[in-house]
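K.L.:
Just passing along the structure, written as structure tokens.
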Amino acid sequence: MKKFSKRQQQVGEVIKRTLSSMFLEGIFENKISDIFSITEVSPSPGYQTAWVFISALDTKKNEGLVKKLNEISSEIRFVLANKLNLRNTPMLIFKEDNSIEYANRIEEILNSPDVKKDLE
């Protein structure tokens with residue numbers, strides 16, 4: 001797991017909260033109609049790039065949603081720049097967050113009969 005500086009974490013949280021409020025306000029409602037949550041924002045050390053991890057309510061739509069968001073990322077960045085007080089607003093790269101599916105798969109494995117038998 002990558003280590004981030006305290007400043008990177010703070011900037012990531014500010015970007016995450018601002019992006020969340022932008023989508024809640026419906027600024028991009030005509031382009032993005034899917035319901036999703038922003039799970040994490042990871043800015044690069046120089047703050048030129050920020051990876052925005054998202055998870056759609058309907059996980060089958062994650063891939064298409066990521067594609068749509070990346071297509072309009074320059075528009076999102078422009079609006080974000082007007083709302084934030086940063087010297088440079090990072091380029092946004094949207095990615096699918098698979099952590100929920102990963103956790104569900106681990107739980108499924110741990111609850112399988114073979115593993116339960118080995119534990120006994």
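The values are calculated or read from the model by the stated rules, or taken from the named source; none is laboratory data. In this text, all values refer to a predicted model and were calculated from it rather than measured experimentally. Glycine also receives a Cβ, built like all others from the backbone with ideal geometry; neighbour counts cover every protein chain displayed.
K.L.:
Taking only pairs six or more apart or across chains, which ones have beta-carbon atoms under 6 Å, a first residue in the stretch 92-120 that is within 30 Å of ARG77 (Cα to Cα), and a second residue that is part of a strand (DSSP E or B) and not β-branched (Val, Ile, Thr)?
P.N.:
These pairs meet every condition: LEU92/ALA50; ILE93/TRP51; LYS95/TRP51; LYS95/PHE53; ASP97/PHE53; ASP97/SER55.
K.L.:
Can you name the residue in the stretch 73-83 that is of a type in the set (A, V, I, L, M) and surrounded by 16 or more Cβ atoms within 10 Å (Cβ to Cβ) and is also farthest from THR49 (Cα to Cα) among such residues?
P.N.:
Taking the stretch 73-83 first, the residues of a type in the set (A, V, I, L, M) are 76, 79-81.
Subsequent filtering for residues that are surrounded by 16 or more Cβ atoms within 10 Å (Cβ to Cβ) retains 76, 79-80.
Details: ILE76: 13, VAL79: 16, LEU80: 13 Å.
Out of the qualifying residues, it is VAL79.
K.L.:
To continue, here is another question. Confirm whether ARG77 is outside any strand (DSSP E or B), over 11 Å from the mean Cα position of the chain (by Cα) and under 23 Å from GLN8 (Cα atoms).
P.N.:
Values: outside any strand (DSSP E or B): yes; over 11 Å from the mean Cα position of the chain (by Cα): yes; under 23 Å from GLN8 (Cα atoms): yes.
Against the criterion (outside any strand (DSSP E or B), over 11 Å from the mean Cα position of the chain (by Cα) and under 23 Å from GLN8 (Cα atoms)), ARG77 qualifies.
K.L.:
Within the stretch 93-100, is there a residue that is part of a helix (DSSP H, G or I), of a type in the set (Ser, Thr, Tyr) and under 16 Å from LYS16 (Cα atoms)?
P.N.:
Here is the first cut: in the stretch 93-100, the residues part of a helix (DSSP H, G or I) are 99-100.
From what's left, of a type in the set (Ser, Thr, Tyr): 99.
Those still in the list that are under 16 Å from LYS16 (Cα atoms) too: none.
No, because not a single residue in the stretch 93-100 is part of a helix (DSSP H, G or I), of a type in the set (Ser, Thr, Tyr) and under 16 Å from LYS16 (Cα atoms).
K.L.:
Oh, and also: Of all residues in the stretch 51-74, how many are part of a helix (DSSP H, G or I) and at pLDDT below 90?
P.N.:
Residues of the stretch 51-74 that are part of a helix (DSSP H, G or I), as a first pass: 59-71, 73-74.
Those left that are additionally at pLDDT below 90: 59-65.
Of the residues in that region, 7 qualify.
K.L.:
Return the total of residues in the stretch 12-68 being among the aromatic types (Phe, Trp, Tyr) and either within 16 Å of ASP97 (Cβ to Cβ) or touching a Phe, Trp or Tyr at 6+ places or on another chain (Cβ under 9 Å) (or both). Write out each step before concluding.
P.N.:
Going through the stretch 12-68, the residues among the aromatic types (Phe, Trp, Tyr) turn out to be 23, 28, 36, 47, 51, 53.
Now restrict to residues that are either within 16 Å of ASP97 (Cβ to Cβ) or touching a Phe, Trp or Tyr at 6+ places or on another chain (Cβ under 9 Å) (or both): 23, 36, 51, 53.
So the count comes out to 4.
K.L.:
Let me ask something else about it. Scanning the stretch 5-46 for residues that are over 16 Å from the mean Cα position of the chain (by Cα) and surrounded by 12 or more Cβ atoms within 10 Å (Cβ to Cβ), which turns out nearest to ASN82 (Cα to Cα)?
P.N.:
Let us first name the residues in the stretch 5-46 that are over 16 Å from the mean Cα position of the chain (by Cα), namely 5-7, 25-31, 33, 45-46.
Add one more test, that the residue is surrounded by 12 or more Cβ atoms within 10 Å (Cβ to Cβ), and what stays is 27-28, 31.
Values: ILE27: 13, PHE28: 15, LYS31: 20 Å.
Top of the filtered list is ILE27.
K.L.:
Step by step: first the residues of the stretch 101-120, then only those that are charged (D, E, K, R) and not in a loop (DSSP other than H, G, I, E, B), then the one that is surrounded by the most Cβ atoms within 10 Å (Cβ to Cβ). Which residue is that? Lay out the reasoning, then the answer.
P.N.:
If we filter the stretch 101-120 for residues that are charged (D, E, K, R), which is where we start, we get 101, 105, 107-108, 114, 116-118, 120.
If we keep only those that are not in a loop (DSSP other than H, G, I, E, B) too, we end up with 101, 105, 107-108, 114, 116-118.
Numbers: GLU101: 13, ARG105: 11, GLU107: 10, GLU108: 10, ASP114: 8, LYS116: 10, LYS117: 8, ASP118: 8.
Step by step, filter the stretch 101-120, then rank; the result is GLU101.
K.L.:
While we're on this one: Take the conditions surrounded by 15 or more Cβ atoms within 10 Å (Cβ to Cβ) and within 13 Å of the chain's Cα centre (by Cα) and apply them to ILE54. Does it pass? Quick ask: steps written out before the conclusion?
P.N.:
Details: surrounded by 15 or more Cβ atoms within 10 Å (Cβ to Cβ): yes; within 13 Å of the chain's Cα centre (by Cα): yes.
Yes; evaluated as a whole, the condition is true for this residue.
K.L.:
Identify, by number, the condition in (1) of a type in the set (Lys, Arg); (2) under 17 Å from LYS95 (Cβ atoms); (3) surrounded by 12 or more Cβ atoms within 10 Å (Cβ to Cβ) that LYS67 doesn't meet.
P.N.:
Condition (3) is where LYS67 drops out.
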